[in-house]
Amino acid sequence: METKYGMVKNWIKSKITDGTFVPNQKIHSESELMQKFNVSRHTVRVALGELVSTGWLYKEQGAGTYVAQRTEKKMLPEGKSTSTKSIAIIVTYISDYIFPSIIRGAESVLREAGIQVSLFSTNNDHVHERKILETIIAQKFDGVIVEPTKSAIANPNINYYLKLEALNIHYVMINAAYDELEPVSVVLDDEKGGYLQAEHLIHLGHTNILGFFKNDDLQGLKRMKGYIKAHRDNGVPINPKNIVTYTTSEIFSKPVESLKNLLKEPFNLATGIICYNDELAMRLLECLRQKKLCVPEDISIIGFDDSFFTDVSEVKLTSIRHPKSELGEMAAKKIIELTNNSKALYGKETNQDSYVFEASIVHRNSTAVIKKKE
């Protein structure tokens, strides 16, 4: 449990880190802090004293407490010398799914360049993202490779990225990007990937295709856009009920429950399923088994990411290839370029350096030409 003085201290540090309190700005008085946190004067003074002793604040006799100028002082990560660059890699997950391959790709390039690497996971949570960004700002990393958290919804941490820019700490975004920041990014063409998924099934004769898309990240929205566009281009109407969207918090429940409900409807005889990723495809495959439906004889299914899941079951999954290691390697090269160029600017000047990997399909045996009814 956080101590009372720790609560006051961490709140002030957070406000300095996110740029609310700027160097040489006078902060709240002791009385105001006492009232705000409902703590004693002694507690406030302990918190302020620690922040002064560690260089976050300074006092002027009879005038108050002010934010210290910290731009010249570099708080180095543990074990880092002043001559060693440090890069933070922030991903939504570290040990799951395709992320280990992305991380290995980035690490291999960074470590070969003699750069110290620190790994962080947001668990796709904005609060975790904020705390990690506070750490990176406080420790003055040289650069950041970051996967945006819930990139399809408004991010409350944009001011932290602006603080990174103010401190000339460059960042490269992977898999998605916060468009309002116009960052350098390294991504897969997710819209084309979603298009290829739908086009593949349509060319096999399927016209009633279910689509499952995660809608709190941009990858999911772009894949859904590709799904819709492929139907339009091929003159195939979409039943609105065939599109199922879900959030990160619903990942283990809504898609499977929705598929079960759709399969109960005798008038909705879907013959194809498009999945946001391979991990979801595995869950939906199990649901199809329970319903005694055979893949691809009764229904075709296609995944996304060409992950290790494509080969773990008796049904080998057709999927859209994700570059994984190559994406990590490219992101590492981009952040090295930026950190080596002290004059690099943010915004449109650097956005031209972004990289988009072409989407392609890997054919296996989970999709087939639709069976003609006798």
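The values are calculated or read from the model by the stated rules, or taken from the named source; none is laboratory data. Computed from a predicted model, the values in this text were never measured in an experiment. Reconstructed Cβ throughout: ideal geometry from the backbone, glycine too, with neighbour counts over all protein chains shown. All accessible areas refer to the heavy atoms of the entire protein, side chains included, with ligands and DNA or RNA removed. Shrake-Rupley method; radii C 1.70, N 1.55, O 1.52, S 1.80 Å.
Remarks
- Highest average first, the peptides 176-187, 282-293, 159-170, 194-205 ordered by how many other beta carbon atoms sit within 10 Å of their residues are 194-205, 176-187, 159-170, 282-293.
- In nm, spacing of pseudo-spin labels at K229 and N341 (7 Å Cα→C-beta vector): 2.8 nm
- Rounded to 10°, Cα long-axis angle of helix 190-203 versus longest principal axis of the chain: 10 degrees
- Spatially, region 296-323 and region 147-197 are offset by 27 Å when compared through their Cα centroids.
- Between Y355 and S185, V186, V187, the built amide H atoms are under 5 Å apart, and every one of these is 5 or more places off in sequence or on another chain.
- Taking all protein chains together and rolling a 1.4 Å probe, F309 ends up with roughly 40 Å² accessible.
- Mean Cα-pair separation over length for the chain, i.e. relative contact order, pairs under 8 Å, 6 or more apart, %: 17 percent
- Amide hydrogen proximity for W56: with H placed 1.01 Å from N in the peptide plane, no residue at 5 or more positions away or on another chain lies under 5 Å.
- DSSP-defined beta bridges in region 17-157 - what % are antiparallel, rounded to 5: 35 percent
- When M173, M330 are compared by accessible area at a 1.4 angstrom probe, the order from most to least is M330, M173.
- For the chain, share of DSSP beta bridges that run antiparallel, in % to the nearest 5: 15 percent
- Angle of helix 254-264 to the longest C-alpha principal axis of the chain, folded into 0 to 90 degrees and rounded to 10: 20°.
- A113 versus A63: modelled label distance in nm, points set 7 Å from Cα along the beta carbon direction: 4.2 nm
- Subtracting the Cα-Cα distance of I153 and S53 from their residue separation scaled by 0.36 nm leaves 32.1 nm.
- Per-residue Karplus couplings for region 107-115, computed as 6.51 cos²θ - 1.76 cosθ + 1.60 with θ equal to phi - 60°, are listed in order as 4, 4, 6, 5, 5, 4, 8, x, 9 Hz, Gly and Pro entered as x.
- Euclidean distance of C-alpha centroids, region 200-218 and region 54-69, integer Å: 59 Å
- What the phi angles of region 140-151 give under the Karplus curve with 6.51, -1.76 and 1.60, with θ = phi - 60°, is a coupling list of 6, 4, 7, x, 9, 9, 9, 8, x, 8, 6, 5 Hz, glycine and proline written as x.
- Gain in span if fully extended, N168 to V22, counting 0.36 nm per residue against the direct Cα distance: 51.0 nm
- Whole-number D in µm²/s for the chain (Stokes-Einstein; Kirkwood sum over Cα pairs; 4 °C, 1.567 mPa s): 56 µm²/s
- For the chain, the longest principal axis of the C-alpha atoms and the axis of helix 126-139 are separated by about 40°.
- For region 48-59, putting each phi into the Karplus relation 6.51 cos²θ - 1.76 cosθ + 1.60 with θ = phi - 60° gives couplings of 5, x, 5, 5, 5, 5, 9, x, 7, 10, 9, 10 Hz, in residue order, rounded to whole numbers and with x for Gly and Pro.
- Listed pairs K163/K254; K26/K85; K150/K229; K26/K131; K241/K334 exceeding 30 Å between Cα atoms: K163/K254; K26/K85; K241/K334
- Extension gain, R283-D311: 0.36 nm per intervening residue step, less the Cα-Cα distance, totals 8.7 nm.
- Between amide H atoms placed 1.01 Å from N, distances below 5 Å from I299 occur with C294, all of them 5 or more places distant or on a separate chain.
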